[in-house]
1. For the chain, what does -39500 (n - 2.57) per DSSP helix run (n ≥ 4), summed and divided by total residues, give at 222 nm, in deg cm²/dmol to the nearest 500?
2. Amide H to amide H under 5 Å from A66: which residues, 5+ apart in sequence or cross-chain, H placed 1.01 Å off N in plane?
3. Could you give me the ³J(HN,Hα) list for region 94-106, computed from phi with Karplus coefficients 6.51, -1.76, 1.60 and θ = phi - 60°, whole Hz, x at Gly and Pro?
4. Counting only the backbone N, which residues of region 62-81 are under 12 Å from the spot 7 Å out from the Cα of R50 toward its beta-carbon?
5. Given R₀ = 41 Å, what would the calculated FRET efficiency be for M1 paired with T101, taking r from the Cβ atoms and rounding to 0.05?
6. Each label point is 7 Å from the Cα along the Cα-to-Cβ direction; what then is the distance between the points at S149 and A131, in nm?
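FYI, it's all coordinate maths here, none of it is from the lab. Small disclaimer: the values here were computed from a predicted structure and weren't measured. Positions of Cβ are generated from backbone atoms using ideal geometry, with glycine treated the same way; all protein chains shown enter the neighbour counts.
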Amino acid sequence: MPAFELAKILPCQLDAAWEAVVDFPSRTIHSSLYRRSDLPDGEEPMPGHRILLQIGRDRFTSIITAVQKPAVLSHRAVSPGAWVEFSYQLRLCDERDPGYTSEDFGSAFLVIRAEYGGWLGSLIAKLRPGACRRYVEDELAAIVSAAESVPAEPVPDNQPDAQQSSGESDAEA
């Protein structure tokens with residue numbers, strides 16, 4: 001079966017990356033190509049739940065087939081003679097990943113794969129590989145944009161508060 005795959009280090013930790021992957025409604029904010037991206041069966045992804053998508057002129061209803069929080073999500077759109085399954089795999093990035101630097105330590109690594117099947121799906125993937133690859137690129141770009149917009153966690157200050165220390169000294173005097 002023809003498949004298209006892209007991978008990228010995301011600028012956030014694993015939990016925030018998972019939120020960016022499963023937040024389908026945000027796709028309309030983070031990508032101009034998404035006109036609709038809804039989870040009508042609830043925001044928490046579960047096998048059997050629907051994802052309603054409109055990308056440009058193309059409309060899809062995709063069914064979630066697998067969920068393993070925060071590592072795996074898959075969904076499949078089926079039409080007569082064709083299907084496409086998108087899968088997302090998340091893990092902590094490491095030195096084997098392309099573009100890894102020490103600054104990426106603790107960040108998430110995402111792999112998106114789109115597999116086309118059925119006689120028509122295979123034909124579409126062979127005749128229009130650029131369009132099929134573009135769907136994966138657009139999905140990755142929307143997730144990266146959502147991950148970048150995740151607010152940074154505050155860094156705890158490990159030094160004692162100078163005010164509190166001086167306040168204790170004043171109380172003792």
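1. -9500 deg cm²/dmol
2. S74
3. 8, 5, 6, 7, x, x, 5, 10, 4, 5, 7, 3, x
4. 62-64
5. Computed FRET efficiency for M1 and T101 comes out at 0.70.
6. In this crude label model, S149 to A131 measures out at 2.8 nm.
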